[in-house]
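Just below is one structure, and these are the notes that go with it.
The values are calculated or read from the model by the stated rules, or taken from the named source; none is laboratory data. What you see is a predicted model; the values in this text were computed from it and never measured. As a convention, Cβ positions derive from the backbone with ideal geometry for all residues, glycine included, and neighbour counts pool all protein chains shown. The accessibility values were calculated without ligands, DNA or RNA, using every heavy atom of the protein model including side chains. Shrake-Rupley method; radii C 1.70, N 1.55, O 1.52, S 1.80 Å.
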Amino acid sequence: MMNCRQATRLMSEELDRRLTWRERLAVRLHTLMCGGCHQYREQMAFLRKALRSRSGGD
């Protein structure tokens, strides 16, 4: 089972590269069971979306 440190590391790496199917599955399973990491993933998605919309508007 993946721990929070491993999960957040992979979520950060996902910004730079496509995760393998095993990594994606492991992160998905972890975030289904861990509220803190689920929230972290949602916050990262929000920030990524905000940055994209800001860079597209300039």
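One table, with the values for the structure above:
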| item | result |
| --- | --- |
| Residue match in the range 49-57 (condition: surrounded by 13 or more Cβ atoms within 10 Å (Cβ to Cβ), out of contact with any Asp or Glu (no Cβ under 7 Å at 6 or more places or on another chain) and assigned to a helix (DSSP H, G or I)) | no |
| Selected residue (criterion: modelled with the lowest pLDDT) from residues of the range 1-18 that are open to solvent by less than 80 Å² (accessible area, probe 1.4 Å) and not aliphatic (A, V, I, L, M) | Glu14 |
| Scope the range 39-48; condition touching a residue at least 12 places away in the same chain (Cβ under 8 Å) and either buried (at least 17 other Cβ atoms within 10 Å of the Cβ) or more than 9 Å from the chain's Cα centre (by Cα) (or both); matching residues | Tyr40, Arg41, Arg48 |
| Residue in the range 19-38 that is nearest to Arg5 (Cα to Cα), counting only those that are open to solvent by 70 Å² or more (accessible area, probe 1.4 Å) and touching a helix residue (DSSP H, G or I) at 6+ places or on another chain (Cβ under 9 Å) | His38 |
